[in-house]
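One structure below.
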Amino acid sequence: MTQEELDALMAEDLSDLTSSVDSTDNVSDTSLDEPDLTEDADAVVQNSGHVVTHDNYRVSSISAWPPPPPTDDHKVVNQLDDVTKDSEKKATEMFDKLETISGFCLDAENTSNDAKTCIARNIEVFEILHEKFPNVQTFSELLELNKNLDNKIDNIISNVQMGQDEIMMTMDMMQYQDIHRQKIERVINVMRALSKYMNSLFEGKIDDEKRVGSAMHIEGDTTTEDVVSNADIEALINSLGKK
């Protein structure tokens with residue numbers, strides 16, 4: 001190979017390298033407009049430019065990225081376990097309150113029945129007095145008053161009994177709480193079974209620490225990752241110039 005041919009070859013290689021450097025610079029300039037996600041492993045940038053971390057992440061139904069971080073607030077099984085636990089606790093407290101109210105209604109009914117017994121005795125006495133002393137207006141007034149009071153006591157007892165019936169129907173309707181809890185527990189069991197199945201399906205014989213790191217760029221990728229750094233290109237140019 002003559003010196004002229006060598007010079008021509010060097011000039012062609014240098015022009016190709018220069019165009020590669022220019023295209024790399026354009027890619028770098030373009031990448032400046034995109035958010036840098038490598039500075040913080042726990043932080044990502046949404047389309048609006050807002051930096052999202054584990055502390056300020058909020059679940060959104062209109063955003064597909066970033067996914068929720070694996071904190072206790074976003075772990076599905078943990079959340080469902082909390083739901084079943086809190087629901088069962090509150091349901092038990094609700095039943096206790098309803099039973100207490102039912103006990104108050106029963107006491108009110110018993111007290112009303114005792115009062116009704118006393119009123120019946122008063123009516124019996126005033127009827128006798130009214131028959132023997134028909135001209136005494138007080139006896140007739142007290143007789144009528146006790147009869148009206150007896151009717152009011154009957155209305156009170158009837159309302160208390162209807163209240164007890166409503167409490168019993170409320171307790172029956174609260175049974176849905178236990179059904180919902182069982183359904184959620186069934187979902188939890190299915191999810192745990194799927195998790196164990198997926199873990200066993202993707203198990204490997206090689207530990208992750210012993211695996212070779214993945215390449216940053218493979219031929220055919222559509223990413224804009226820099227295949228060669230600027231320092232590598234400059235070193236290559238310098239090495240060619242010394243030949």
For segment 94-149, the dipole about the Cα centre with charges only on Cβ (Lys and Arg +1, Asp and Glu -1), to the nearest 20 debye, works out at 140
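Contact order normalised by length for segment 110-192, with contacts defined as Cα pairs under 8 Å and 6 or more residues apart; what percent is it?
Worked out over segment 110-192, it gives 28 percent.
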Per-residue ³J(HN,Hα) for segment 100-106, Karplus 6.51 cos²θ - 1.76 cosθ + 1.60, θ = phi - 60°, Hz, x for Gly and Pro
5, 5, 4, x, 4, 5, 5
Go through 89/196; 85/196; 75/210; 90/183 and tell me which ones have a Cα-Cα distance over 20 Å in this structure.
89/196; 85/196; 75/210
Rough spin-label spacing in nm, given labels placed 7 Å along Cα→Cβ, for residue 135 and residue 62:
9.3
Convert each backbone phi in segment 116-132 into a coupling constant with the Karplus relation 6.51 cos²θ - 1.76 cosθ + 1.60 (shift: θ = phi - 60°), then list the ³J(HN,Hα) values in order as whole Hz, x for Gly and Pro.
5, 5, 5, 5, 4, 5, 5, 4, 4, 5, 5, 5, 5, 5, 5, 5, 7
Over segment 150-191, what percent of the accessible surface lies on carbon and sulfur atoms, probe 1.4 Å?
56
Want the number for residue 187 to residue 151: 0.36 nm per residue separation, take away the alpha-carbon distance, what's left?
7.4 nm
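The values are calculated or read from the model by the stated rules, or taken from the named source; none is laboratory data. Remember, it's a predicted structure, so these values are computed and weren't measured experimentally. Because the Cβ atoms are built from the backbone with ideal geometry, glycine has one as well, and the counts that use them run over all protein chains shown. Ligands, DNA and RNA are stripped out before the accessible areas are found, and what is left, the full protein with its side chains, is counted by its heavy atoms. Shrake-Rupley method; radii C 1.70, N 1.55, O 1.52, S 1.80 Å.
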